[in-house]
Amino acid sequence: MAKVKPELESVRLKKEVEMVNQLPPHPNIAYYEECYTFKEMLGEYDFGVLQYYEEGNLLQLLKKGNISLEQKQSILTQILAGLQFLHENGIIHRDMKPHNVLIVKRGNEYIPKITDFGISKKLDVNKSSIFSNSLVGAGTNENPKYHPAIKAWFILMIISSAIVL
Ligand SMILES: Nc1ncnc2c1ncn2[C@@H]1O[C@H](COP(=O)(O)OP(=O)(O)OP(=O)(O)O)[C@@H](O)[C@H]1O
Ligand SMILES: [Mg+2]
């Protein structure tokens, strides 16, 4: 659920839901079921509905242990496939972290689903460099959290978590 702030209209949850759900189907993306907007005394709220992923997120899965090296390799490869798919569709996630990767278990295989696109940026296709564009913070906030190096950091974090946990 997210409060709609007029100054952050361009990054409201409703926009995220529309952005994600207009993408073609991809096995490593968590699509929304629905999005509702509630008007209350204190303001307007967007309420996005996802299916419940009972395996939880990637960090929880890694912490549980007993994930084989092959399964970890498969999870990482699938996350990279999901990120590549987003990039091919002009979307930079900018909040990638293990909490935002939900897990489905199918037999012995784990299928990661990338979620929480709240501060993602739809790239301006007229801009030549995705990197210059991805440096722009959500709304008016320039935030080092969104630096493109964060994606390299995220991948390294997953690899190191997978080794340590
Ligand atoms: N559909 C879902 N099924 C199962 N667990 C979920 C689902 N959506 C979110 N979670 C889990 O609920 C917790 C809270 O999620 P939430 O997105 O609010 O916070 P976060 O991922 O920790 O941080 P951020 O707000 O930066 O995304 C996280 O552990 C997340 O993995
Ligand atoms: Mg999250």
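The values are calculated or read from the model by the stated rules, or taken from the named source; none is laboratory data. Computed from a prediction, not measured in an experiment: that's the story for all the values here. Heads up, the Cβs are rebuilt from the backbone with ideal geometry, glycines too, and the neighbour counts pull from every protein chain shown.
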Read through the list (1) at pLDDT below 90; (2) in contact with an Asp or Glu (Cβ under 8 Å, 6 or more places away or on another chain), then give the number of the only condition that residue 87 fails. (2)
Out of the residues in segment 37-48 meeting the condition of being touching a strand residue (DSSP E or B) at 6+ places or on another chain (Cβ under 6 Å) and loosely packed, with under 12 Cβ neighbours inside 10 Å, tell me which one is modelled with the lowest pLDDT. 43
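Residue check: is residue 36 more than 22 Å from residue 156 (Cβ to Cβ) and touching a residue at least 12 places away in the same chain (Cβ under 8 Å)? Break it down into steps so the answer makes sense when it comes.
On the way: more than 22 Å from residue 156 (Cβ to Cβ): yes; touching a residue at least 12 places away in the same chain (Cβ under 8 Å): yes.
In short, yes.
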Number of positions in segment 58-96 that are surrounded by 19 or more Cβ atoms within 10 Å (Cβ to Cβ) and touching a strand residue (DSSP E or B) at 6+ places or on another chain (Cβ under 8 Å): 13
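Could you tell me which of the residues 95, 116 is part of a loop (DSSP other than H, G, I, E, B), within 16 Å of ligand 2 (Cβ to nearest atom), within 15 Å of residue 53 (Cβ to Cβ) and modelled with pLDDT under 95? Explain how you work it out, then say what you get.
Numbers: 95 fails: within 15 Å of residue 53 (Cβ to Cβ).
Of the residues listed, the single one that is part of a loop (DSSP other than H, G, I, E, B), within 16 Å of ligand 2 (Cβ to nearest atom), within 15 Å of residue 53 (Cβ to Cβ) and modelled with pLDDT under 95 is 116.
For segment 83-120, give me the residue count where each residue is among the polar types (S, T, N, Q), within 23 Å of residue 63 (Cα to Cα) and within 16 Å of ligand 1 (Cβ to nearest atom). Full working, then the answer.
At the first step, the residues of segment 83-120 found to be among the polar types (S, T, N, Q) are 84, 89, 100, 108, 115, 120.
Checking which are within 23 Å of residue 63 (Cα to Cα) leaves us with 100, 108, 115.
Narrowing the set further to residues that are within 16 Å of ligand 1 (Cβ to nearest atom) leaves 100, 115.
Final tally of qualifying residues: 2.
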Would you say residue 102 is within 16 Å of ligand 2 (Cβ to nearest atom) and in a strand (DSSP E or B)? yes
Filter segment 36-82 for residues that are in a strand (DSSP E or B), away from ligand 1 (no atom under 16 Å from the Cβ) and either β-branched (Val, Ile, Thr) or within 21 Å of the chain's Cα centre (by Cα) (or both) and give the result. 37
